[in-house]
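Participant: This structure is in structure tokens; I'll ask about it shortly.
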Amino acid sequence: MIAYAIDRFLDHDNDVESSSSAGADVLPLFTGINLLGTLEFGGGSLRAAGTDFGAVQSSKPLAVIKPLTSDDVAKVIRVALLSQHLTVAARGNGHSVNGQAMAHRGLVVDMKTIEHKIDVNPTAAYADVSGGALWADVLKRCVLGYGLAPRSWTDYLDLTVGGTLSNGGVSGQAFLYGPQTENVTELEVVTGNGDVLVCSNNQNPELFFSVLGGLGQFGIITRARVLLQPAPDMVRWIRVVYSEFSEFTRDAELLASRGEGNSFDYVEGFVFVNSDDPVNGWPSMPLNPDQPFDPTRMTPNAGPVLYCLEVALHYKNEDPPSAIDERAERLVGGLKFMEGLRLEVDVGYIDFLVRVKRAEEGAMASGIWDAPHPWLNLFVSQKNIADFDRLVFKNILKHGIGGPILIYPLLRSKWDSRKSVALPEGDVFYLVALLRFSFPYPKGPSVEEMMAQNQEIVQTCTTNAFDFKLYLPHYNSMDAWKLHFADQWPRFQQRKARFDPMAILSPGQKIFPRNWQPS
């Protein structure tokens, strides 16, 4: 297989710069490597590995590895260690937006080809899941097979387990259970030293805490033990609308602070334009066509944007309808939304969790899903969120972004500070996600204009000294990364020096250059 792959490489020099010294140096390193999977030097795999969902950056990897086991991954890293210049990037489902899973002139490991295992232990309430498995597959296996479900999800489920655990993994359940990084108890990791190690809070704990939220810098996650709990059958899905940002944030924080059993099971929110714009405005609100948004119910002082608090209540089929109604009314009671602007629907649990998949299917049919997505995700401190609303939502983004603008509170107490994610200070901070879709001109701004607006927003936060962090971060210099990690930077460097001393892993993040030495 390796000999065949090398021949293919030599026959397809249009895919890589075979005349460079890199190709001549690297090819002999693969001789005699006994991979169970495959290694490709050309064709569609190489082109796919050089792009991602954001479609704003591209690269030209030297090869794509399709491993079957964690040992395959380790062998590839050991090959890279024999070179002075090779790097290795783990690629899940290609949903990065700024080239984070790319390796220009390096090796890209396609994690989806690792033997998929979702082994459920219903007694102990956990599942051992391969790092390349999609959360959508975990959902089907656990819920349909055992009536169990992970405690914390992401809104979009066609992401790999290893990919989200390398970043955080947040959604409307994080206020209760923390991000996905807080809901795994054991990992199998291939480090930048080429070692395959099992780690947990008690076994190799420094590696465990490093890798979770570590942006792929310390190791490649090949297996995760995910905590489970009983899955509901149904969801009451409710949206309520606010004209005042202060009332929206008050209610969102109130619900987030109540804890399990005293609040909804899911709390998110979003911003939308106060107009009939079909993409950014009122038509984006309804949950079903039988319950349209009624703009006549809005208060006269409503500004250019409105705010929606989106909540969900889980229940079982055998629960009396009156009990569900009573609980929903008790939780909604006291919220200060605009009277008459409450929309709701009852849906199956799986239908609720795959709600973004349905939107994806529509976007794919129209061609929008394959267009560039210059998304921006931020964590903004509670102390600055009102000013962020004034300067960004009501000013820069008052006409919308051609896609959802998410905003909801998260609790710092739900995040273990030993892990690698950088967070704002304070007990409460907000996720702000600008999920832009690029519509063909003249329907919308160009990709360059959207990227410039993202930079304007980041610069606004910086100029006004907001306490904020990029989520799914991407910077182009080590100095910028030092500012991002702030007091955590020394620890981040020490972990890099221990688990990936040659700086082989995750070059697309542009944190450490190859053969980096700690300062």
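Participant: Please express the Cα-Cα pair-distance distribution P(r) of the chain as a list of whole percents, one per 20 Å bin, running from 0 to the bin with the greatest distance.
Facilitator: 22, 55, 22, 1
Participant: Please determine, in degrees from 0 to 90 and to the nearest 10, the orientation of helix 355-366 with respect to the longest principal axis defined by the Cα atoms of the chain, where the helix direction is its Cα long axis.
Facilitator: 70
Participant: Quick check on the chain: helices-only [θ] at 222 nm, where DSSP H runs of length 4 and up contribute -39,500 (n - 2.57) each and the sum goes over total residues. Nearest 500, please. Could you put the intermediate results ahead of the total?
Facilitator: Numbers: 16 runs with 137 residues, N = 519.
Roughly -7500 deg cm²/dmol at 222 nm, from the helical runs in the chain.
Participant: Given 0.36 nm per residue, what is the gain on full extension from residue 128 to residue 69 after removing their alpha carbon distance, in nm?
Facilitator: Using 0.36 nm per residue and subtracting the Cα-Cα distance, I get 19.8 nm.
Participant: Output wanted: per-residue J couplings in Hz (rounded whole) for region 374-391, from phi through Karplus 6.51 cos²θ - 1.76 cosθ + 1.60, θ = phi - 60°, x for Gly and Pro.
Facilitator: Calculated HN-Hα couplings, in order: x, 6, 9, 10, 9, 9, 10, 4, 3, 5, 10, 5, 5, 5, 4, 4, 5, 8 Hz.
Participant: Right, something else. Largest first, how would 75, 117 line up by accessible area (1.4 Å probe)?
Facilitator: Correct descending sequence by accessible area is 117, 75.
Participant: For residue 140, tell me the accessible area in Å² from a 1.4 Å probe, rounded to the nearest 10.
Facilitator: About 120 Å², rounded to the nearest 10.
Participant: Give the distance, in whole Å, between the Cα centre of region 152-223 and the Cα centre of region 75-95.
Facilitator: Cα centres, region 152-223 to region 75-95: 19 Å.
Participant: Measure nothing but the geometry: give the 0 to 90° angle between the long axis through the Cα atoms of 2-11 and the longest principal axis through the Cα atoms of the chain, rounded to 10°.
Facilitator: Once rounded, one gets 90 degrees.
Participant: Could I ask something else about it? When DSSP assigns beta bridges and you keep just the ones with both residues in region 66-212, what percent turn out antiparallel, to the nearest 5?
Facilitator: Working: 10 of 14 bridges.
Within region 66-212, antiparallel bridges account for around 70 percent of the total.
Participant: Okay, moving on. About the Cα centre of the chain, how large is the charge dipole given +1 on each Lys and Arg Cβ and -1 on each Asp and Glu Cβ? Please answer in debye to the nearest 20. Please report the intermediate quantities before stating the final value.
Facilitator: Values: 46 positive and 59 negative charges, 206 e Å.
Computed about the Cα centre, the dipole is about 1000 debye.
Participant: A further question follows. Given a 1.4 angstrom probe, I'd like the percentage of the accessible area of region 103-250 that is carbon and sulfur, rounded to a whole number.
Facilitator: On the way: 1970 of 4240 Å².
The nonpolar share, carbon plus sulfur, comes to 46 percent.
Participant: Calculate, for the chain, the solvent-accessible area per residue in square angstrom, rolling a 1.4 angstrom probe over the heavy atoms of the protein chains. Show your work: numbers first, answer last.
Facilitator: On the way: 20850 Å² over 519 residues.
Solvent-accessible surface per residue comes out at 40 Å².
Participant: Could you look at region 326-384 and say what percent of its accessible area is carbon and sulfur, using a 1.4 Å probe and all protein chains?
Facilitator: On the way: 1400 of 2670 Å².
The computed percentage sits at 53.
Participant: Would you kindly derive the ³J(HN,Hα) couplings of region 199-206 from the backbone phi angles with the Karplus curve 6.51 cos²θ - 1.76 cosθ + 1.60 (θ = phi - 60°), listing them in order in whole Hz, with x for Gly and Pro?
Facilitator: 9, 7, 4, 10, 10, 6, x, 5
Participant: From the backbone phi of region 186-192, what are the Karplus-calculated ³J(HN,Hα) couplings (6.51 cos²θ - 1.76 cosθ + 1.60, θ = phi - 60°) in whole Hz, Gly and Pro given as x?
Facilitator: Karplus-based 3J(HN,Hα) across region 186-192 equals 7, 9, 10, 9, 9, 7, x Hz.
Participant: Let me ask something else. Consider all pairwise Cα distances in region 145-257 and report the whole-number % of them above 18 Å. Please list the in-between numbers first.
Facilitator: On the way: 3662 of 6328 pairs.
Roughly 58 percent, rounded to a whole number.
Participant: What is the helix-to-structure angle for 245-257, meaning the angle in degrees between its Cα long axis and the longest Cα principal axis of the chain, kept from 0 to 90 and rounded to the nearest 10?
Facilitator: The angle comes out at about 70 degrees.
Participant: Another question, if that's okay. Can you figure out the FRET efficiency of residue 203 with residue 233, using R₀ = 60 Å and their beta-carbon distance, to the nearest 0.05? Walk me through the numbers before you get to the answer.
Facilitator: Working: r = 37 Å, r/R0 = 0.61.
Given R0 = 60 Å and the Cβ-Cβ separation, E is 0.95.
Participant: Measure off, as a whole percent, the carbon and sulfur share of the 1.4 Å-probe accessible area of region 414-519, all protein chains present. Before the final figure, lay out each step's value.
Facilitator: Numbers: 2800 of 5150 Å².
For region 414-519, the apolar C and S fraction of the accessible surface comes to 54 percent.
Participant: Which length gain, in nm to one decimal place, applies between residue 301 and residue 326 when the Cα-Cα distance is subtracted from 0.36 nm times their residue separation? The partial results should precede the final answer.
Facilitator: Numbers: separation 25, 0.36 × 25 = 9.00 nm, distance 3.22 nm.
Here the answer is 5.8 nm.
Participant: If you don't mind, there's one more thing I want to ask. Probe 1.4 Å, all protein chains in place: accessible area of residue 375 in Å², nearest 10?
Facilitator: 50
Participant: Any idea of residue 78's accessible area? Nearest 10 Å², probe 1.4 Å.
Facilitator: 110
Participant: Sticking with this one: Going down the list 394/419; 336/394; 117/316; 112/316; 398/510; 383/510, which pairs span over 24 Å between their C-alpha atoms? Display every interim value, and only then the final one.
Facilitator: Working: 394/419 35 Å; 336/394 20 Å; 117/316 28 Å; 112/316 34 Å; 398/510 33 Å; 383/510 30 Å.
With Cα atoms farther than 24 Å apart: 394/419; 117/316; 112/316; 398/510; 383/510.
Participant: In what sequence, highest mean first, do 126-137, 350-361 appear when ranked by Cβ atoms within 10 angstrom? Walk me through the numbers on the way to the answer.
Facilitator: Working: 126-137: 22.7, 350-361: 15.7.
In decreasing order of mean packing, 126-137, 350-361 become 126-137, 350-361.
The values are calculated or read from the model by the stated rules, or taken from the named source; none is laboratory data. Please read all numbers here as calculations on a predicted model, not as lab measurements. Backbone-built Cβ (ideal geometry, glycine too); neighbour counts: all protein chains shown. For accessibility, only protein heavy atoms count, side chains too; no ligands or nucleic acids. Shrake-Rupley method; radii C 1.70, N 1.55, O 1.52, S 1.80 Å.
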